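Undergrad: Okay, handing you the structure first.
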Amino acid sequence: MSAKNKFNESVARLQHELWKNKLIVFLNGGTMPPAVSHHECALGKWIYEEGGIEEYGMLPEMRRLEKFHANFHDAIKDIIEKQNAGKTDDAWEVYEAIKPMSDELLTLISAVGSKLK
């Protein structure tokens, strides 16, 4: 099975939206989401373990997706660290700052999905 068959654009978009919701719940006093690296989540596994980057790394959209995905995970880690340190305002500030990055990530997920069809 190729990486193309393993990529599910709809699931990738949904999982990204779920992460944003987990962050909002956490920032409002809810349970801390498990911080995973950009290699450990489902999209990261597709990119690095299931052949995504090997088969499609030549696509500009794929290279941008890889970069934005890693940056998004770095921001999640930063938000969790700030919130756990009692710096709630700073954590919210980072969350607000990642909204454009999040939108771009969703656009890139769609772009890669379109290229793989």
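Read the figures in this text as sums done on the coordinates, not as results from a lab. Quantities reported herein were computed from a predicted structural model and do not represent experimental measurements. Quick reminder, even Gly has a Cβ in these numbers, built from the backbone with ideal geometry, and neighbours come from all protein chains shown.
Undergrad: Do you know which residues across region 9-60 are closer than 15 Å to residue 115 by Cβ and either without any contact (Cβ under 8 Å) to a residue 40 or more places away in the chain or hydroxyl-bearing (Ser, Thr, Tyr) (or both)?
TA: Result: 47, 53, 56, 57, 58, 60.
Undergrad: Here's a follow-up. Among the residues of region 82-98, how many are loosely packed, with under 15 Cβ neighbours inside 10 Å and in contact with a helix residue (DSSP H, G or I) (Cβ under 8 Å, 6 or more places away or on another chain)?
TA: So the count comes out to 2.
Undergrad: Still on this structure, I have one more. Filter region 65-99 down to the residues that are under 14 Å from the mean Cα position of the chain (by Cα) and farther than 16 Å from residue 24 by Cα and list them by number.
TA: Within region 65-99, 65, 66, 67, 68, 69, 70, 71, 74 meet the criteria.
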